[in-house]
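Computed from the coordinates by the stated procedures, all read-outs in this text should not be read as laboratory data. All values reported here derive from a predicted model rather than from experimental measurement. No Cβ is skipped: glycine too gets one built from the backbone with ideal geometry, and neighbour counts run over all protein chains shown.
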Amino acid sequence: MEPEPSVPSQRSIRKNYSLATELVFIDNSDGTGVRDLYNASSIPIYQTATFKQSSASRMEDFDYTRSGNPTQNHLAKIMSASRAYVVSSGMSALDVVARLVKTGEEIIAGDDLYGGTNRLLAFLNKSFDIKTHHVDTTNSDTLLPYLHPTRTRLILLESPTNPLIKISNIPKIASIVHERCPNALIVVDNTMMSPYLQRPLEFGADIVIHSGTKYLSGHHDLMAGVIGVKDEIVAEKIHFTINATGCGLTPFESWLLLRGIKTLAVRMEKQQANAMRIAEFLEYHGFKVMYPGLRSHPQYDLHITMSRGPGAVLSFLTNNTEISERVVESTKLWSISVSFGCVNSLIRMSHASIPAAVRKERGFPEDLIRLCVGIEDVNDLIEDLYSALVTANAINVIKPNGYINK
Ligand SMILES: Cc1ncc(COP(=O)(O)O)c(C=O)c1O
Ligand SMILES: N[C@@H](CCSC[C@H](N)C(=O)O)C(=O)O
């Protein structure tokens, strides 16, 4: 079936200002969707399922919210996308994009991906005979044996990965794949970075995905997924699936998401600065820390070429699963919680949603603690973590002014 035409007002505009400015700038005159009758300085919410039409035979830009609602617009420019779509969750965004793959076609994905993405890929394999090859994408050559000129349809990357914080060379992979597999699309789940820190569409990716539940909204008060697309034909297919399956984000959640996005730059800067201090604190005390802001990270140099910072999620190892559990349970300020990107700091043993067999097969460290750093005072965060590390016996006092990893 032919894709239905997209909503014209979802087109992006030329990026005139730096991203931090674009995030808060409402231009009522640019004709890209902010066409409010009263020049509202905050994007209005169109809390409606239907839109009245003036013609009996010709539908206007908006007719029914499942097919498109003006509150869902305005995201394309911050991802450097030609079109952007918002859906009900990050998983929904991944599902919509996965529907570009037909039975018999193949996906190549990283070997460290968010557990929910692994689950979706396993489901596609079982139900629709769509095979995923999981490879270590930190080495671009590992993809080569699996690239097929017609079968390969999607390359699904996270960089940094969740939760091992591994970095992939997105431009290099994009160029290898585009050359060998004209049918293949490079999809980057950029949730860990947010568009403020990294915009994969600017260096070779075809589709970018965000769980809007995380940094974009920033307050853990909504679920959302965002899809940014470069190519218009692919965009039409994505819009068709969203309309056909009815997974578009509601006007109210879209409005909340847009409100959260206004503070993305300041939140991200503060969270990242805090994360850097915490990473240094942990490394100083002898822990193996996975964070691309540290020179010890194996892809430190590569990461800087693709992004404007290391982000605010880091993982570290204690070398003992029971000690890690005690650390997590001994914190007071850090909430034990899944997810990340919120203004509050979170801690968890990040492996629950990855099946034990898969963890074993991929050598996943069971003692891994993931920290998602918020905007609190960093000294409070360090003090609370330090106290938990001492309580859990993860560090010993060795001299009056210092501690060492046990
Ligand atoms: C990297 C990544 N992608 C996608 C998702 C799925 O997003 P959501 O929870 O909004 O469905 C998550 C977490 O949930 C994630 O960590
Ligand atoms: N019960 C959920 C767990 C979601 S984990 C959310 C997240 N992206 C994270 O990395 O913490 C599920 O089954 O998906």
Original post:
Going toward the positive end of the dipole of the stretch 35-192, with +1 on Lys and Arg Cβ and -1 on Asp and Glu Cβ, which of Gln47, Tyr114, Tyr146 do you reach last?
Top reply: Gln47
Original post:
In whole Hz, what ³J(HN,Hα) sequence does the stretch 55-65 give by Karplus (6.51, -1.76, 1.60; θ = phi - 60°), x for Gly and Pro?
Top reply: 10, 6, 10, 10, 7, 7, 3, 10, 10, 8, 4
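Counting other C-beta atoms within 10 Å, which of Thr117, Thr21 has the fewest, and how do the rest follow? Don't skip to the answer; put the middle values down first.
On the way: Thr117 23, Thr21 11.
By the 10 Å Cβ count, ascending, the order reads Thr21, Thr117.
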Subject >> Taking the chain and dividing mean pair separation by its residue count, relative contact order in percent (alpha carbons under 8 Å, at least six apart) >> reply: 16 percent
Original post:
Rounded, prolate or oblate: which one fits the stretch 340-400, using the alpha carbon gyration tensor with axes a ≥ b ≥ c (rounded when a/c is under 1.5, else prolate when a/b beats b/c, else oblate)?
Top reply: oblate
Original post:
What size of dipole, in debye to the nearest 20, comes out for the stretch 254-406 about its Cα centre when the only charges are +1 on Lys and Arg C-beta atoms and -1 on Asp and Glu C-beta atoms?
Top reply: 340 debye
Original post:
Straight-line reach from Lys237: which lysines have a Cα under 18 Å away, not including same-chain ones fewer than 8 places off?
Top reply: Lys102
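Local charge sum around Glu253 (other residues, Cβ-Cβ under 11 Å, Lys/Arg +1, Asp/Glu -1)? It would help to have the intermediate numbers written out before the result.
Working: positive: Arg259; negative: Asp221.
That works out to 0.
Using only Cα atoms, what Kirkwood radius does the stretch 287-352 have, in angstroms?
Working: mean 1/r = 0.0745 Å⁻¹.
Radius from the Kirkwood sum: 13.4 Å.
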**OP:** Please list, or write none, the lysines whose alpha carbon is within less than 18 Å of the alpha carbon of Lys262, excluding same-chain residues fewer than 8 places away.
**Re:** Lys15, Lys77, Lys214, Lys270
Original post:
Where the centroid of each part is defined by its Cα atoms, how far is the stretch 345-378 from the stretch 298-330 in Å?
Top reply: 9 Å
**OP:** Run through every distinct alpha carbon pair of the stretch 162-239 and return the Kirkwood hydrodynamic radius in angstroms, one decimal place.
**Re:** 13.5 Å
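For the stretch 105-241, give the share of DSSP beta bridges that are antiparallel, in percent and rounded to the nearest 5; count only bridges with both residues there.
Numbers: 5 of 22 bridges.
For the stretch 105-241, the DSSP antiparallel bridge percentage is about 25.
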Subject >> Shape category assigned to the stretch 237-313 from the gyration tensor of Cα positions, a/c cut at 1.5 >> reply: prolate
Original post:
Per-residue HN-Hα couplings for the stretch 305-319, Karplus 6.51 cos²θ - 1.76 cosθ + 1.60 at θ = phi - 60°, whole Hz, x for Gly and Pro?
Top reply: 6, 10, 9, 9, x, x, x, 10, 10, 9, 10, 8, 10, 9, 6
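What is the mean projected area of the alpha carbon convex hull for the chain, to one decimal in square nanometres?
Over all viewing directions, the chain projects a mean Cα-hull area of 20.6 nm².
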Original post:
Assigning unit charges at the beta carbon (Lys, Arg +1; Asp, Glu -1) and nothing else, what dipole magnitude in debye, to the nearest 20, does the chain show about its Cα centre?
Top reply: 120 debye
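Rounded to whole Å and ordered largest first, report the semi-axes of the equivalent ellipsoid of the stretch 317-374 derived from its Cα gyration tensor (root of 5λ). It would help to have the intermediate numbers written out before the result.
Values: eigenvalues 89, 38, 12 Å².
Semi-axis lengths for the stretch 317-374 are 21, 14, 8 Å.
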Original post:
To the nearest 20 debye, what charge dipole does the stretch 167-315 have about its Cα centre, counting +1 at the Cβ of each Lys and Arg and -1 at the Cβ of each Asp and Glu?
Top reply: 360 debye
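Roughly what % antiparallel, to the nearest 5, for the DSSP beta bridges in the chain? List each step's numbers first, then the result.
Details: 28 of 47 bridges.
About 60 percent, rounded to the nearest 5.
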Original post:
So what is the 222 nm mean residue ellipticity for the chain from helices alone, if each DSSP H run of at least 4 adds -39500 (n - 2.57) and you divide by all residues, rounding to the nearest 500 deg cm²/dmol?
Top reply: -9000 deg cm²/dmol
**OP:** Specify the inter-centroid distance of the stretch 233-295 and the stretch 174-216, based on alpha-carbon positions, in whole Å.
**Re:** 13 Å
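Could you give the DSSP H helices of the chain that reach 24 angstrom or more along their long axis (alpha carbon positions) and whose average Kyte-Doolittle hydropathy is no lower than -0.5? Please report the intermediate quantities before stating the final value.
On the way: long enough: 264-284 (29 Å, -0.24).
Both cut-offs are met by 264-284.
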Original post:
So which lysines pass the test for Lys172, namely a Cα distance under 22 Å, with those fewer than 8 places away in the same chain ruled out?
Top reply: Lys230
**OP:** Once you have a ≥ b ≥ c as the square roots of the Cα gyration tensor eigenvalues for the stretch 142-279, tell me rounded if a/c is under 1.5, and otherwise prolate or oblate according to whether a/b is larger than b/c.
**Re:** oblate
Subject >> Candidates Tyr46, Tyr38, Tyr300: whichever shows maximal mean-square fluctuation once the chain is modelled as a Gaussian network with Cα springs under 10 Å >> reply: Tyr38
